[in-house]
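Contents: one structure, followed by commentary.
All of the numbers you see were taken from the coordinates with simple rules; none came from a lab. Everything numeric here is computed off the predicted structure, so don't read it as measured data. Because the Cβ atoms are built from the backbone with ideal geometry, glycine has one as well, and the counts that use them run over all protein chains shown.
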């Protein structure tokens with residue numbers, strides 16, 4: 001069955017507080033400590049795992065935590081076609097979707113990495129990166145691939161279906177919404193299963209149910225989709 005990817009304008013910003021760690025608690029704890037320290041270690045951290053395992057959520061959560069402290073961040077993902085030069089004002093560089101980097105992006109990522117760990121002002125910057133495969137399996141230039149793999153490496157695991165069901169039910173209960181087993185099964189079979197999308201869907205369902213004064217049922221979900 002084809003899953004529907006949601007495009008909802010009012011999404012909750014990724015944060016450590018809304019990341020459901022499950023089997024990934026070690027990575028979450030590490031990044032919370034990393035982003036909370038005023039002096040970022042020059043030893044890089046690399047996260048890897050399948051689509052939907054939470055890599056980008058954690059990178060954005062770390063970036064958000066640093067920015068709340070007034071730090072400036074260098075961010076590079078596969079959508080940044082022409083990456084800027086390294087900026088000495090950055091406190092950290094974050095490299096997402098490393099497995100998709102073009103030759104131009106690889107050159108920029110390498111330059112950012114080198115400048116971050118050995119900057120001209122003598123102040124090392126943190127490096128946080130992520131991709132869908134382990135560092136050794138990245139189809140990147142050797143000097144970049146080896147650097148991404150010499151620090152902390154965490155594999156992220158997607159939540160199991162029972163864990164997703166538990167999270168959905170707990171979050172719905174917190175909003176005062178009753179989700180039947182039928183509704184949860186429909187949602188998990190018809191929509192993107194990553195938790196960020198599921199939480200966005202839950203927010204949208206909550207608003208639509210209040211607007212229409214109806215309980216959340218499969219017909220309500222179908223009506224909501226038809227009304228968009």
Item to check | 0 to 90° range, to nearest 10: angle between helix 181-190 axis and the chain longest Cα axis | outcome: 50
Item to check | Candidate values (i) 1.00; (ii) 1.03; (iii) 0.95, label of the one derived for Rg/Rh (Cα atoms, Kirkwood Rh) | outcome: (ii)
Next on the checklist: Using a Debye calculation, one point per C-alpha and no hydration shell, please list log10 I(q)/I(0) for the range 101-228 at q = 0.09, 0.19, 0.20 Å⁻¹ in order.
Outcome noted: -0.48, -0.95, -1.03
Next on the checklist: Between residue 21 and residue 166, how high is the FRET efficiency from 1/(1 + (r/R0)^6) when r is the Cβ-Cβ distance and R₀ = 22 Å? Nearest 0.05.
Outcome noted: 0.95
Checklist entry - Mind listing P(r) for the range 161-227? All alpha-carbon pairs, 5 Å bins, whole percents. => result 3, 17, 34, 29, 13, 3, 0
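Summing -39500 (n - 2.57) over the DSSP H runs of n ≥ 4 in the chain and dividing by its residue number, what mean residue ellipticity at 222 nm do you reach, to the nearest 500 deg cm²/dmol? Present the calculation step by step, with values, prior to reporting the outcome.
Details: 8 runs with 100 residues, N = 228.
After summing the helix terms and dividing by the residues of the chain, the value is -14000 deg cm²/dmol.
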Checklist outcome for this item: So the angle from the long Cα axis of helix 55-68 to the longest Cα principal axis of the chain, reported in degrees to the nearest 10, equals 70
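Starting from 0.36 nm per residue, how many nanometres of slack lie between residue 100 and residue 142 once their C-alpha separation is accounted for?
13.6 nm
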Item to check | Virtual spin-label span in nm between residue 178 and residue 217, 7 Å along Cα→Cβ | outcome: 1.2
